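Undergrad: What follows is a structure written as structure tokens; I'll ask about it next.
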């Protein structure tokens, strides 16, 4: 297009991360500048810079666009996009970078001497943020050789205790690196969500009573696309159907507001423990595979082995501890983190983790081999070859610890996501061939939700279960549970 109206190709907004990074690298290489005034790029096309600004947000890089002034020579005015803050420049260096040695060196020099703080790299702490919930992890990660916690950490904790209501993203990243992913306290969850770029500040302007709205009429035209574990997914808005709560009465009340149109019902098909089944396939651990092949309750079977009791004698608490331990290991939990979650001592928690490795030795082998291969290659990948760059596996300190947790989990979660996409393709084709009026409304993690005429529910359930369970052949069976209901909260087994 003409220089003043040229835009980023729309395909880039749904492209894999390495392709987007390559485009941005080339654009900044050609039209960008690194120097005393910072890291920036110029263009006569304001729409182009706005598109580039959106692409940068995929990497968690905030930027600002400054208006152009008239050129005395008669040329079109140029607009300038400037990357804000030291953390964002560091992210640019790590995840996008430059091709030329000159610009790489210029950016490194800028980072070494710059102290550029930006309000775009700060966030407001919610009322649920309680420093005492994470203080033990925070202090343990910042304890010096003499046993004392460094002064900077003490000062930060003191300010938060005095109701300081903001924190920088770089501080949030350091906190996330020392907090177990399985810690689901409001404070820890907030920190992890911020670092994962899943946090948004919103202001409620009004709450209006209105009649129930059939789910098929809910507006999702403003669809945002983002990358998760290398897989492009859609995050709906108005409302965000990906994050409707289920475990609280308030959440269930919200779900009752989603109703099928008259004469129809919802059918939901959910993969049962797909990530653990993928884990069994990848690790090829005989005991883990046998538990799934025999159709056992995997957490009860694990608890029976860990506590030395018969499966039918496993208590709810023993099953809960076994479930928390095996999921925690997959997410890189430490004995300290497990102890906090289960009220066990640290030594008891470590014995529980060791017990999992003894029960399922293939998991230990998988972790060791995945981390070694990731450090050697600079990436890990799903079973289908979908890669995730893991440069920080070669770093040290909190960055490496966080990267190790991600590297252990990414092949498992990425493979599960890939299988879900294959299942959606199979289901779509089968629906077209069946002549059913049913249609797929939504994917929520490991679950697909459909709407269909009441008389089609059983046939749809059989079709969806068959196609999802046969989407890919693992060394253990894929199992799908199917439910139906008039509202999203009233789902019953089909």
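Values quoted throughout were computed directly from the atomic coordinates according to the rules given, and no laboratory measurement underlies them. Computed from a predicted model, the values in this text were never measured in an experiment. In this analysis, Cβ positions are derived from the backbone assuming ideal geometry, glycine residues included, and neighbour counts consider all displayed protein chains.
Undergrad: Give me the number: length gained by fully extending residue 315 to residue 155, i.e. 0.36 nm times residue separation minus the C-alpha to C-alpha distance, one decimal in nm. Each step should come with its number before you reach the end.
TA: Values: separation 160, 0.36 × 160 = 57.60 nm, distance 4.43 nm.
That pair, residue 315 and residue 155, stretches by 53.2 nm at full extension.
Undergrad: Additional query: Ordered by packing density, taken as the mean number of other Cβ atoms within 10 Å over each peptide's residues, highest first, how do 408-419, 32-43 rank?
TA: Values: 408-419: 22.8, 32-43: 17.2.
By packing density, highest mean first, the sequence is 408-419, 32-43.
Undergrad: Using 0.36 nm per residue, how much length does the chain from residue 350 to residue 33 gain when fully extended, once their Cα-Cα distance is taken away?
TA: Numbers: separation 317, 0.36 × 317 = 114.12 nm, distance 5.11 nm.
Taking 0.36 nm per residue and subtracting the Cα distance, the gain is 109.0 nm.
Undergrad: Can you sort 65, 333 from fewest to most other Cβ atoms within 10 Å of each residue's own Cβ?
TA: Numbers: 65 16, 333 24.
Fewest to most other Cβ atoms nearby, the residues stand as 65, 333.
Undergrad: Label-point separation (nm) for residue 64 and residue 252, each offset 7 Å from Cα along Cα-to-Cβ?
TA: Modelled inter-label distance: 4.9 nm.
Undergrad: Please order 112, 404 by the number of other Cβ within 10 Å, starting at the fewest. Please list the in-between numbers first.
TA: Values: 112 7, 404 19.
Fewest-to-most Cβ neighbours within 10 Å comes out as 112, 404.
Undergrad: Another question about this same structure. Pop a pseudo-label 7 angstrom from the Cα along the beta-carbon direction at both residue 369 and residue 139 and give the gap in nm to one decimal.
TA: It works out to 4.2 nm between the two label points.
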